[in-house]
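Data first, discussion second: the structure below is written as structure tokens.
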Amino acid sequence: MAAAFTNGALVLAAAPDVDRERFFRQLMTYGGIVVAAVPAVVWLVMVVPGWG
């Protein structure tokens, strides 16, 4: 998990000529969607068919 924060910080620091606040919010939104959606998708793919 720490690597994800490090990667996001590096991307934000290296982004030339961007609104850093907006870019940070976009990264946080993406992270929130991933955290919310991936467990549901894994459950649908692995548990519902009986593979997990």
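The values are calculated or read from the model by the stated rules, or taken from the named source; none is laboratory data. Because the structure is predicted, anything quoted here is derived from the model rather than measured.
Checking each residue of the stretch 8-20 against the condition of being modelled with pLDDT under 80, part of a helix (DSSP H, G or I) and of a type outside the set (A, V, I, L, M) gives at least one match. Which ones in the stretch 18-47 are over 8 Å from the mean Cα position of the chain (by Cα) and polar (S, T, N, Q)? Result: GLN26, single match.
Kindly indicate whether any position in the stretch 29-51 is small (Gly, Ala, Ser) and modelled with pLDDT under 85. The answer is yes, given that some residue of the stretch 29-51 is small (Gly, Ala, Ser) and modelled with pLDDT under 85.
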